[in-house]
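Below: one structure, written as structure tokens.
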Amino acid sequence: MNESHQLGFGTKSIWAGEGSDSWWGATQVPVVHSVAFGYPDVSVWQAAALGRKPGHIYSRNTNPTVRAFEEKVRILEGAEAATSFASGMAAISNTLFTLLSPGDHVVSVKDTYGGTNKVFTEFSPRFNIRVTLCDTTDAAQIERTVGQGCRVLYLETPTNPTLKVVDIKRLTAAAHKVGAIVVADNTFATPLNQNPLALGVDLVLHSATKFLGGHADALGGIVCGSKDLVHKIYHFREITGAALDPNAAYLLLSCMKTLHLSIRQQNESALKIAEWLSTQPKVSAVLYPGLPTHPQHDIARCQMRGFGGVLSFMLHGGFPAVCEFLPRLKYAYRAANLGAVETIAGPPATTSHVECTPEERAAMGIPEGLVRYSVGIEDTADLIADLSSALG
Ligand SMILES: *Cc1c(COP(=O)(O)O)cnc(C)c1O
């Protein structure tokens, strides 16, 4: 794809990574289920193995279908390189364990995804990696902590499930002053709403399981950034083995062709639903970066093109009220995932922070009486009617 023209996200979603001439003119990327790739000529084989000629050797390393998926996300994120993984958590853990060594210091925020939080609190200390988790919205505190020196600043914005927004540009500048590498989890925003690399971060990663794979039929993860950094992470993954399955890559690719349409609909519905919920007497709070009342709305407006498809809200009556409310929804799965074309609702205890104890959730400032509502691509009016009747 010629990147000298500024193509729109719709054209990129459709065409990026597609149309390789090695596919016999197939208009859809085939699923190459082959574990290995054969070379009758040993010198050609060797050139491919050493990366001097294009070609694939073994599907734990690279695979043509997987490569097409990496290309699509790479171009949407405006990155030099991308490498993929079996899941979002594989992308996160492989990235962190590529960058970090014993004795290193990581600075992050309290509100990262539950699995990421576990990597920081349970596994990192075993490898003598020191982690400081700062208050997500206290930029000055994060800057001070980063200023004391760190190897990695790890950000996630908007956060799951409380939709806090961190100032990517400001914190990246602080981290780069001390020579740290900045990693951002862009799962909630998607490349269509936010491009952290353009705001200065070094690596952007996704759980492709969510919006990128909005048909919710495949797990996957991806990290994008400079050739140099991505190659180091690729090498770690190639050896440790959390490769993306070609069939999953195919499902993600096929879903991503309509990503720009889904995201447009989800942005639009989520904002309307957040506004409507704000007027409901049974709702005590609505968390959505697109609302002018959101504490970091101005930062969100600066760094996001749209505010995403996930919102959270609290009901008067806490967790018991949530347990009564959720089963009354007609057009929502009560499930652990998010970012699907179907609306999905659930409390943090069974979704984002299922890995954590109630005490850990409390320490992270995650209320038990919260409902995370991931807006699908159904008609907005039908979702509002459904919420209205479930609220009673
Ligand atoms: C789901 C999620 C992950 C983990 O991704 P998996 O594909 O489930 O491993 C990481 N970060 C965020 C923000 C997520 O929502």
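The values are calculated or read from the model by the stated rules, or taken from the named source; none is laboratory data. The model shown is predicted, which means the values in this text are computed figures rather than measured ones. Heads up, the Cβs are rebuilt from the backbone with ideal geometry, glycines too, and the neighbour counts pull from every protein chain shown. SASA here: full protein model, heavy atoms, side chains in, ligands and nucleic acids out. Shrake-Rupley method; radii C 1.70, N 1.55, O 1.52, S 1.80 Å.
Screening residue 136 with (1) within 16 Å of the ligand (Cβ to nearest atom); (2) more than 20 Å from residue 372 (Cβ to Cβ) gives one miss only, at (2). Note on segment 306-318: residues that are surrounded by 14 or more Cβ atoms within 10 Å (Cβ to Cβ) and at negative phi amount to 9.
Yes/no matrix, rows are residues, columns are (1) under 15 Å from residue 20 (Cβ atoms); (2) of a type in the set (Asp, Glu); (3) touching a Phe, Trp or Tyr at 6+ places or on another chain (Cβ under 7 Å):
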{"position": "46", "(1), (2), (3)": "no, no, no"}
{"position": "54", "(1), (2), (3)": "yes, no, no"}
{"position": "57", "(1), (2), (3)": "no, no, yes"}
{"position": "64", "(1), (2), (3)": "yes, no, no"}
{"position": "68", "(1), (2), (3)": "yes, no, no"}
{"position": "77", "(1), (2), (3)": "no, yes, no"}
{"position": "84", "(1), (2), (3)": "no, no, yes"}
{"position": "87", "(1), (2), (3)": "no, no, no"}
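Just to be sure I understand, how many residues within segment 118-153 are in contact with a strand residue (DSSP E or B) (Cβ under 8 Å, 6 or more places away or on another chain), under 18 Å from residue 364 (Cβ atoms) and not hydroxyl-bearing (Ser, Thr, Tyr)? Qualifying residue count for the region: 8. What do you reckon, is residue 155 within 12 Å of the ligand (Cβ to nearest atom) and out of contact with any helix residue (DSSP H, G or I) (no Cβ under 7 Å at 6 or more places or on another chain)? Judged against the criteria, residue 155 is not a match.
Which of the residues that make up segment 235-284 are under 30 Å from residue 50 (Cα atoms) and either out of contact with any helix residue (DSSP H, G or I) (no Cβ under 9 Å at 6 or more places or on another chain) or not in a helix (DSSP H, G or I) (or both)?
238, 239, 241, 242, 243, 244, 245, 251, listed by residue number.
Within segment 169-184, the set of residues being open to solvent by less than 10 Å² (accessible area, probe 1.4 Å) and either within 10 Å of the ligand (Cβ to nearest atom) or more than 17 Å from residue 93 (Cβ to Cβ) (or both) comprises 171, 172, 175, 180, 182. Restricting attention to segment 339-355, the residues being aliphatic (A, V, I, L, M), farther than 17 Å from residue 328 by Cα, under 18 Å from the mean Cα position of the chain (by Cα) and crowded, with 17+ Cβ neighbours inside 10 Å number 2. Quick one: is residue 227 surrounded by fewer than 21 Cβ atoms within 10 Å (Cβ to Cβ) and out of contact with any Pro (no Cβ under 6 Å at 6 or more places or on another chain)? So residue 227 fits the description; yes.
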